[in-house]
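Asker: Structure below; questions to follow.
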Amino acid sequence: MMKGAKQLRNMIYNILENSDAVSGVTLKNSPNSSTLLLDRADGKGRMTFHTLFPGLTLAFIFVNAPVWPESDENSNLKPLLINYCVSGRSELLLDDGSYIYLKENDFCVSEQTAQKEYIFPTRQYQGIKIYFDLPFAKKGTKKSPSPCHFFYSPAVNF
């Protein structure tokens with residue numbers, strides 16, 4: 001395995017393993033994904049992680065609970081993250097003392113994790129997290145036989 005791929009795999013692996021050690025959270029691995037399951041008296045939830053290619057991991061989040069506890073060890077891991085709220089609301093206090101508030105169709109970019117827990121005031125949340133390892137992703141695209149291009153095109157109404 002290449003160094004960058006191993007670093008990202010270890011980062012995602014560490015996030016999952018650290019989260020599995022939190023009370024009420026269980027890790028389930030399958031051949032194509034890993035899922036964190038929240039099962040507590042006050043609610044349930046699921047985060048399913050898919051590594052699309054080395055340097056990019058996508059997580060789909062579904063929560064029906066007021067909080068999702070975060071591992072203290074995960075605050076040492078600093079992946080570049082894009083958090084997108086599909087529905088509901090999410091609030092979190094970051095390592096540097098700042099807050100992030102996400103409501104439907106909001107997104108944020110950060111390199112920090114939540115302190116202690118993610119808060120869901122509406123008790124329902126659906127979102128997407130995208131984890132990037134930019135240095136490795138750049139190296140990977142130089143070696144790929146066909147370049148990978150990302151673009152955004154807004155919907156057009158006629």
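Asker: One residue is enough: does the stretch 28-41 have a residue meeting the conditions without any contact (Cβ under 8 Å) to a residue 12 or more places away in the chain and either surrounded by 16 or more Cβ atoms within 10 Å (Cβ to Cβ) or touching a Ser or Thr at 6+ places or on another chain (Cβ under 6 Å) (or both)?
Answerer: For the stretch 28-41, residues without any contact (Cβ under 8 Å) to a residue 12 or more places away in the chain and either surrounded by 16 or more Cβ atoms within 10 Å (Cβ to Cβ) or touching a Ser or Thr at 6+ places or on another chain (Cβ under 6 Å) (or both): present.
Asker: Kindly indicate which of K143, K103, K138, K116 is more than 21 Å from P54 (Cβ to Cβ), modelled with pLDDT under 85 and either of a type outside the set (V, I, T) or surrounded by 15 or more Cβ atoms within 10 Å (Cβ to Cβ) (or both). Walk me through it before giving the result.
Answerer: Values: K143 fails: more than 21 Å from P54 (Cβ to Cβ); K103 fails: modelled with pLDDT under 85; K138 fails: more than 21 Å from P54 (Cβ to Cβ).
Within the list K143, K103, K138, K116, the selection yields K116.
Asker: Please go through the stretch 92-125 and give me each residue that is in contact with a Ser or Thr (Cβ under 9 Å, 6 or more places away or on another chain) and touching a residue at least 60 places away in the same chain (Cβ under 8 Å), ordered by number.
Answerer: Of everything in the stretch 92-125, those that are in contact with a Ser or Thr (Cβ under 9 Å, 6 or more places away or on another chain) and touching a residue at least 60 places away in the same chain (Cβ under 8 Å) turn out to be Q124, Y125.
Asker: What single numbered condition from (1) within 23 Å of K28 (Cβ to Cβ); (2) surrounded by 20 or more Cβ atoms within 10 Å (Cβ to Cβ) fails to hold for I130?
Answerer: (2)
Asker: Kindly provide the set of residues from the stretch 76-100 that are of a type outside the set (F, W, Y), surrounded by fewer than 20 Cβ atoms within 10 Å (Cβ to Cβ) and either in a strand (DSSP E or B) or in contact with a strand residue (DSSP E or B) (Cβ under 8 Å, 6 or more places away or on another chain) (or both), ordered by number. Walk me through how you get there before you give the answer.
Answerer: Let us first name the residues in the stretch 76-100 that are of a type outside the set (F, W, Y), namely 76-83, 85-98, 100.
The next check asks that each one be surrounded by fewer than 20 Cβ atoms within 10 Å (Cβ to Cβ); those that pass are 76-78, 80-82, 86-87, 89, 91, 93-98, 100.
The answer is L80, L81, I82, V86, S87, R89, E91, L93, L94, I100.
This table checks each residue for (1) more than 17 Å from P79 (Cα to Cα); (2) at pLDDT 95 or above; (3) in contact with a helix residue (DSSP H, G or I) (Cβ under 8 Å, 6 or more places away or on another chain); (4) part of a strand (DSSP E or B).
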{"position": "L16", "(1), (2), (3), (4)": "no, no, no, no"}
{"position": "S19", "(1), (2), (3), (4)": "no, no, yes, no"}
{"position": "T35", "(1), (2), (3), (4)": "yes, yes, no, yes"}
{"position": "T51", "(1), (2), (3), (4)": "no, no, yes, yes"}
{"position": "A59", "(1), (2), (3), (4)": "no, yes, no, yes"}
{"position": "F62", "(1), (2), (3), (4)": "yes, yes, no, yes"}
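The values are calculated or read from the model by the stated rules, or taken from the named source; none is laboratory data. All values reported here derive from a predicted model rather than from experimental measurement. Cβ: placed from backbone, ideal geometry, glycine included. Neighbour counts: every protein chain shown.
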